[in-house]
Amino acid sequence: MRYSEGFRNSVLRKVLPPESRSVYVVAKEMGVSPMTLQNWLAKAKDGRIAVGSESAEPTPAGRGASEKLRLLLESRSLTEDQKGDWLRRHGMHTQHLTLWEQELEGIVTDKQQNLKQENSELKKENKDLKKELARNQVAMAEALALLTLKKKADRLLGLDEET
């Protein structure tokens, strides 16, 4: 079984100082054979593998929403037997998938709420603008009527200013 470099490094960091946890406890927690973990430790002490805080592979928390969605969808097509190997290759655990699903549901829900709120604000603004337009049309009709009446009154009274 092949594990990603990021996964291996995260497991080794739990066993090495400053955490210095038990090999057997970490192996059980991470789903790795204690013998595999012992081999990794021996290679790390010999300098054959580097254990750094930074790995070339992004951590589960450092992945973007689109990548999380892609990985979630990809994981749905796998059988339970395939999923364990797939998770190790990507340096993840099953709880990451659950957390990402909840996170993405939250993003979608927030987006829907924001769109609903924006929609209701736009509807209110549209309603207010229609009222203002109706008032302006009434005011313009009144002004036109007054202007027409003034012209008729001026003509009747002989106040036309013809030059």
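Some observations on this one:
- If you filter region 36-60 down to residues that are closer than 20 Å to His93 by Cα and modelled with pLDDT of 80 or more, you find that the one that is surrounded by the fewest Cβ atoms within 10 Å (Cβ to Cβ) is Thr36.
- Residue count for region 67-77, restricted to those that are surrounded by fewer than 16 Cβ atoms within 10 Å (Cβ to Cβ) and either under 25 Å from Leu37 (Cβ atoms) or of a type outside the set (A, V, I, L, M) (or both): 5.
- Yes/no for Gly84 being touching a Gly at 6+ places or on another chain (Cβ under 8 Å) and closer than 30 Å to Val11 by Cβ: yes
- When Lys151, Lys111 are screened for being modelled with pLDDT under 95 and either surrounded by fewer than 10 Cβ atoms within 10 Å (Cβ to Cβ) or closer than 30 Å to Lys68 by Cβ (or both), only Lys111 passes.
- Qualifying residues in region 87-135 (those that are among the acidic types (Asp, Glu) and more than 29 Å from Phe7 (Cβ to Cβ)) - the one nearest to the chain's Cα centre (by Cα): Asp110
- Within region 4-23, the set of residues being among the hydroxyl-bearing types (Ser, Thr, Tyr), farther than 23 Å from Trp86 by Cα and surrounded by 12 or more Cβ atoms within 10 Å (Cβ to Cβ) comprises Ser22 only.
The values are calculated or read from the model by the stated rules, or taken from the named source; none is laboratory data. Since the structure is predicted, the reported quantities are computational estimates derived from the model, not experimental observations. Glycine also receives a Cβ, built like all others from the backbone with ideal geometry; neighbour counts cover every protein chain displayed.
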